[in-house]
């Protein structure tokens, strides 16, 4: 079983992924095998499916920084829904049974509607429309079905707090624009619209976990959103010894999201992670961070918190995506048309 461990070196750039269980005959002093850095997303579902089967895991904080371990232990991450394990089981079988999978999904009316709606989203560019769950399964493929189910389940597991009304609506806008941008400015580093869309949905889920777990987090969140210079996660870490990026990354890994998604969630407020020479992120993860950051700005560029984050990271985002400031306004105009399709 794979485990996520945390080794804090600084407050904002501190997490490394490892496999911890000892194998038979392995010494406790033997070097650990590091997780391979995500190299991107394959267009071959069979290859990607094989990789995905290794990525879902439980989360462990054994043997890490004592303060962080204690903080994580006090936070109850939403358990992985049974439906995700059922979808994964079908993915791992030699002959996945789409009929059985469709029956499982149709037992939840809300999930069924979510799956069909996702398959019909214009950002994915499918030429036909899904009318049934079976249509959606065929169009999306098993990998995207797993991620779509996860996207639905996370909204159910983490209902909005009264202190953060509209959180999931904003996440949906960021997700759709991230997927649209992935195609609009050119698919690169293996990041497809489907990948960017899933990342956009999960990117900030740690915020709702912390709101539920810590009575003082609402004030901490307000402080972080108002901070014009320091990284958002640095403000959180000063108060909590962890931040929503760490929590969200742990949850994403447990919920079977790909390694690049987990790494991108972990570093999405880390300016240095967008540098081409960054040792922390693969090109795919770096592109996910940049796409969602631009999407967030395009959907709410008149919002003070959004403006603050763009002032901190905008220049690096444009550089990572090989865009110029002159291209922002045309993208903003086009993005409004995309957002109108959600209404």
* Which of the following residues is outside any helix (DSSP H, G or I) and under 20 Å from the mean Cα position of the chain (by Cα): 242, 201, 229, 208? -> 242
* Structure fact -> Scanning the stretch 167-188 residue by residue, those outside any helix (DSSP H, G or I) and touching a residue at least 12 places away in the same chain (Cβ under 8 Å) turn out to be 185, 188
* Structure fact -> When restricted to 164, 211, 142, the only residue over 18 Å from residue 294 (Cα atoms), in contact with a helix residue (DSSP H, G or I) (Cβ under 9 Å, 6 or more places away or on another chain) and not assigned by TED's automatic domain parsing to the domain that holds residue 321 is 142
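Please determine whether any residue of the stretch 284-297 is surrounded by fewer than 22 Cβ atoms within 10 Å (Cβ to Cβ) and either touching a strand residue (DSSP E or B) at 6+ places or on another chain (Cβ under 9 Å) or within 25 Å of residue 194 (Cβ to Cβ) (or both).
no
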* Using the structure shown, decide if residue 108 is outside the structural domain of residue 292 (by TED's automatic domain parsing), farther than 28 Å from residue 332 by Cα and without any contact (Cβ under 8 Å) to a residue 24 or more places away in the chain. => no
* When you look at residue 213, is it more than 23 Å from residue 311 (Cα to Cα) and touching a residue at least 40 places away in the same chain (Cβ under 8 Å), yes or no? -> yes
* **Residue in the stretch 103-114 that is over 25 Å from residue 339 (Cα atoms), outside any helix (DSSP H, G or I) and in contact with a helix residue (DSSP H, G or I) (Cβ under 8 Å, 6 or more places away or on another chain) present** => yes
* Asked: If you scan the stretch 295-335, which residues turn out to be without any contact (Cβ under 8 Å) to a residue 40 or more places away in the chain and either over 21 Å from residue 187 (Cα atoms) or not assigned by TED's automatic domain parsing to the domain that holds residue 229 (or both)?
  -> 301, 302, 303, 306, 307, 310
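The values are calculated or read from the model by the stated rules, or taken from the named source; none is laboratory data. Here the structure is a predicted model, which is why all the values come from computation and not from measurement. Virtual Cβ from ideal backbone geometry, glycine too; neighbours counted across all protein chains shown.
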